[in-house]
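Single-structure report; data block below.
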Amino acid sequence: MLIPYGKQWISDDDIAAVVEVLKSDWLTCGPKVDEFERSIADYCNAKYAVAFSSGTSALHGAYFVLGIKKGDEVVTTPMTFSATANGAVYCGGIPVFCDIKSDTLNIDPAKIEGKINFKTKAIAITDFAGQPCDFDAIKEIAEKHNLLVVEDGAHALGSEYKGKKVGSLADLTILSFHPVKTITSGEGGMVLTDNEQFARKLKTFRHHGIVKKPEIGPWYYEIEELGYNYRLTDIHCALGISQLKKLDKFVARRREIVKKYQEAFKDIPEIILIKEESFAKTAWHIYPVQFDLAKLKISRKEIFEKLAEKGIKCQVHYVPVHYMPFYQKTFGYKKGDFPIAEKYYDQAITLPLFPKLTDEEVEYVIETVKEIINVNKN
Ligand SMILES: *Cc1c(COP(=O)(O)O)cnc(C)c1O
């Protein structure tokens, strides 16, 4: 048996949708881009959606339209993929990390205000594992200090906060369609917003900053602000549209698998489970657990390797962003700065979770984990 931690699910209808575009006149900048944007916006209850070449370029676009400039501070979480913070750095911004809650692993709203000063421009949250942050609490802080909220929803397409879809909450929400994410377009990303001005600027930003001026000539354009080529092709968008039709089915299966895991592990004192808040309906992009190492006589690395020997190829989400040499060199962060994120990281392993995982495979993972714990208890 060989079970990865995550995997896409591509079917014949996805393949047919891509082939259809390949035979058409538009490989990029065509109708499938608009259709994908409209479909995602409608699904998430956002007014506008702008497709990008990746979640990372979508983050760059979000920070750009928000007006992040040299020296501006963005309060964000160290427990995320580094792209959340990198996007602010691309614009000259300074990521100011704020520790997480030990039970949900999301940024701790109670600690955000202590990080805000006159240089702060935005709060950037990540819905870790797909579970929405406590958005009302964060919104209240943002409004009090006149800040905007960027939500890195790369894990959270299909998740709900108090019955509202992720993508309809923050000033700007970004999504990723990398193959390990809930649906894929190969590579790809999206920014969601209700702000028309932001949407217009995002479209310009992803296309070199080009603004057409037909009043001067049909060919004429100007670049007032520097943009990039961050476009997503119609080929990618066709795959995304086809995958989106299956999103609810994928999410239902992910929730079913997580329920099985949580049930199976809940009475094992050596395992610390992630908590799902009552306000959250989580699409579960990943399933991270912690092994309480004080109760075990093996290390996290040994557990990880034993699982791999049994064909269970896990991951760890994430090495905290403030551990990255770039962040330490550039901003002076060091180990010890965010003890809750660090303690979680030391004990964390992400177990396999993807919709195509069978009940037998889930059972095999559960039994293997239990067996490793049983022979290595303190
Ligand atoms: C995947 C991911 C990204 C980046 O998305 P790409 O499409 O790979 O560029 C950003 N943030 C988080 C939290 C992610 O998981």
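Kindly write out, for region 126-136 in residue order, the coupling ³J(HN,Hα) from the Karplus curve 6.51 cos²θ - 1.76 cosθ + 1.60 (θ = phi - 60°), rounded to whole Hz, with x marking Gly and Pro.
10, 7, 5, 6, x, 6, x, 5, 6, 5, 4
Which percentage, to the nearest 5, of the DSSP beta bridges contained in the chain is antiparallel?
Working: 27 of 44 bridges.
Within the chain, antiparallel bridges account for around 60 percent of the total.
Kirkwood hydrodynamic radius of region 10-111 from all distinct Cα pairs, in Å?
Here the Kirkwood hydrodynamic radius works out to 16.5 Å.
Would you calculate the volume per residue, in Å³, of the smallest convex hull containing every Cα atom of region 259-317?
Spread over its residues, the Cα hull of region 259-317 gives 112 Å³ apiece.
Kindly express, to the nearest 10 degrees and within the range 0 to 90, the angle between helix 247-265's C-alpha long axis and the longest C-alpha principal axis of the chain.
Around 20 degrees separate the two axes.
Over region 157-280, what portion of Cα pair distances is larger than 27 Å, expressed as a whole percent? Could you put the intermediate results ahead of the total?
On the way: 3025 of 7626 pairs.
Percentage above 27 Å: 40.
Looking at region 164-224, I'd like the Rg to Rh ratio, where Rg is from alpha-carbon atoms and Rh is Kirkwood's inverse mean 1/r. Working shown, then result.
On the way: Rg = 15.5 Å, Rh = 13.8 Å.
Across region 164-224, the Cα-based Rg/Rh ratio is 1.12.
Considering the zone a paramagnetic label at residue 309 would reach in this model (a point 7 Å from Cα along the Cα-to-Cβ line), which residues of region 350-378 have amide N under 18 Å from it?
What the label zone holds, given the 18 Å backbone N cut-off, is 365-378.
For the chain, find the longest principal axis of its Cα atoms and tell me its angle to the long axis of helix 55-66, 0 to 90°, nearest 10.
Taking Cα atoms only, the helix is inclined about 60 degrees.
Counting only helical runs of four or more DSSP H residues, what would the 222 nm mean residue ellipticity of the chain come to if each run contributes -39,500 (n - 2.57) and the total is spread over all its residues?
Numbers: 13 runs with 142 residues, N = 378.
Calculated at 222 nm, the ellipticity per residue is -11500 deg cm²/dmol.
Going out from 0 in 10 Å bins, what whole percent of all Cα-Cα distances in the chain drops into each bin?
Result, from short to long distances: 5, 23, 31, 25, 12, 3, 1, 0 percent.
Helix 234-244 against the longest principal axis of the chain: what's the angle in degrees, Cα atoms only, rounded to the nearest 10?
The angle comes out at about 50 degrees.
Please state the charge dipole magnitude for the chain, taken about the Cα centre, from unit charges on C-beta atoms (+1 on K and R, -1 on D and E), reported in debye and rounded to the nearest 20.
Roughly 560 debye, rounded to the nearest 20.
Enumerate the aspartates and glutamates that residue 377 could reach by cross-link, defined here as Cα to Cα under 12 Å, with residues fewer than 8 away along the same chain left out.
Output for residue 377: 270, 292.
Stick to Cα atoms and the Kirkwood definition of Rh, then tell me Rg/Rh for region 247-375.
1.00
Read-outs throughout are calculated quantities, based only on the coordinates presented, and are distinct from any laboratory measurement. Please read all numbers here as calculations on a predicted model, not as lab measurements. Cβ coordinates were reconstructed from backbone atoms using ideal geometry, including for glycine residues, and neighbour counts include every protein chain displayed.
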